[in-house]
């Protein structure tokens, strides 16, 4: 239930910003390529450019910085851990600090900064995608992008339908779980006391009825789908139409420029 | 006129009960013809086989013996399936378990997408049917934000968008609160008036009374098949089918026992009240 009330990392926030209005396909393509070219950066200029892009993206999303930072908190631990490891383990350049068994080299500091930055940029960009694209649009965009694969017997439509049915049933199952927990509590169950193992065990009487009813739901849903003439992806039309707009073309041009600029700015290795 | 649904000597038994014992047939030797535009109730207690019978009407279950024909199309022939499901739509019991779409609009469109209707036409039809069931302006709502009655009306919208000739309501009111039930019953009535054949599967006599014709199913067999007005004219032993005696019948019988000259032909609560007024003003 907490996930429904508190913002989680990357949970969709409805809005009408330029990022919200873009086609999910172009956003997906952008993120996919962006995540690869992040690894091209290797000096201050190239990292600066990427960071600038990310800040611009955050600006354009119209989502307040505090929400984004709050969502990032759990990731910050991971970033600090990687930074410390790099500080400690990387050798090269001048020795900056020697303290007992720990030696910190110049190269280590630089690497730590770059790696943390790379991590931060990747996570932020990924978060921006899911913050500004509803799961339904995301599924839809993915289905269309991958639809050429169905020629190679990849069941793209089926996977996409499975995704969207899961999305449809998450709130329903939450409600049901809440109901079962209340019912078990009324029978004296306690979900809050005891150690980790004990608490995990106390969820068994919740999960079993939940599973059983999910199977029944699945069966009834399949029947209802069949009754409405469902027979797979073939010959199916869609009410959701996706359309590339000027904004999407612009985004892809930006992406192209970014690749060229990165190749030019990075120091040759 | 040729009936739109013709069931001939149809029987069905579930696989897990495959014994030769006849008592395990869920439906047995059913003969039933449904005419176009009829409002029919199929009534029976739990386990009577009425839901099995309902599922045979649009080929979700195929008869093990006998035949079910929809506009002359045999349900056992696979090439007919798609067409049959366009002719006979179905609304199920559990409102939650028949909604596929993530939003109201998506769900109404699901059947149309299966039919391959072009997107522009789809948008038009979705709007039209949402108006029809009174869910206008809720296109973008999520299914879990709807009430039970609204969910069932959404399911109805999804079915009528496909423009079927027949809609089967398989206990579509039994999980609803009284308000939701009235909403759905009203929708049924409207559909019937617009010319759609309505088949209402129910265990409630009160709901069956809305129909023009009532078929009583018990132990997998058709026990009665007559216009609802006639059904309540003759004295019936409702308990033999594990059905509750309708309140007005019970009341009428008790009044008769007390020696009040109430007419036997009364077919509804309102008529009974009227009759009592008449008797009172006479004395």
Report task. Going by C-beta contacts inside 10 Å, put B:229, A:73 in order with the fewest on the left. Result -> A:73, B:229
Requested in this report: Evaluate the relative contact order of chain B (contact order divided by residue number), counting alpha-carbon pairs under 8 angstrom at least 6 apart; express in whole percent.
Outcome: 22 percent
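Only bridges with both residues in the protein assembly as shown count here: give the DSSP antiparallel percent, nearest 5. Before the final figure, lay out each step's value.
Values: 22 of 40 bridges.
Close to 55 percent.
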**Report entry** Listed peptides B:141-149, B:206-214, A:249-257 by packing density, highest first (mean Cβ within 10 Å)
**Finding:** B:206-214, B:141-149, A:249-257
**Report entry** chain A: most fluctuating residue of A:132, A:90, A:54 per GNM, C-alpha cutoff 10 Å
**Finding:** A:90
**Report entry** Contact order normalised by residue count of chain A, Cα under 8 Å, 6+ apart, percent
**Finding:** 29 percent
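At 222 nm, what value in deg cm²/dmol follows for chain B if DSSP H runs of at least 4 each add -39500 (n - 2.57) and the sum is divided by all its residues, to the nearest 500? Display every interim value, and only then the final one.
On the way: 10 runs with 102 residues, N = 283.
Value at 222 nm, helices only, nearest 500: -10500 deg cm²/dmol.
Which of the peptides A:167-180, A:147-160 is most tightly packed, and how do the rest follow, going by the mean number of other Cβ atoms within 10 Å of each residue?
Values: A:167-180: 16.2, A:147-160: 12.9.
In decreasing order of mean packing, A:167-180, A:147-160 become A:167-180, A:147-160.
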Query raised in the report: Mind checking the angle between helix A:156-186 and chain A's longest principal axis? C-alpha axes, 0 to 90 degrees, to the nearest 10.
Result: 70 degrees
Query raised in the report: Separation of the stretch B:253-283 and the stretch A:15-60 by C-alpha centroid, Å?
Result: 81 Å
**Report entry** Average other protein chain Cβ within 10 Å of Cβ, residues A:136-142
**Finding:** 1
Query raised in the report: For labels at residue A:259 and residue A:98 in the simple 7 Å Cα→Cβ model, what's the distance in nm?
Result: 4.8 nm
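Over all residues in B:105-111, what is the mean tally of Cβ atoms on other chains that come within 10 Å of each residue's Cβ? Mind dumping the intermediate values first?
Numbers: counts 2, 7, 2, 1, 4, 8, 5.
Taking the mean over all residues of the peptide, I get 4.
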Requested in this report: Taking the Cβ of each residue in B:154, B:61 as the centre, tally the other Cβ atoms inside 10 Å and list the residues starting with the fewest.
Outcome: B:61, B:154
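Averaged across the residues of A:36-45, what count of C-beta atoms belonging to other chains lies within 10 Å of each residue's C-beta? If you can, show how the numbers build up before the last one.
Values: counts 0, 0, 0, 0, 0, 0, 0, 0, 0, 0.
Mean shielding count: 0.
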**Report entry** Residue order, fewest to most surrounding Cβ atoms within 10 angstrom, among A:198, B:50, B:105
**Finding:** A:198, B:105, B:50
Query raised in the report: Length gain on complete extension for the stretch residue A:11 to residue A:32, per 0.36 nm per residue less the alpha carbon to alpha carbon distance?
Result: 5.7 nm
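Read the figures in this text as sums done on the coordinates, not as results from a lab. Just so we're clear, the structure is a prediction, and the values are computed from it rather than from any experiment. Reconstructed Cβ throughout: ideal geometry from the backbone, glycine too, with neighbour counts over all protein chains shown.
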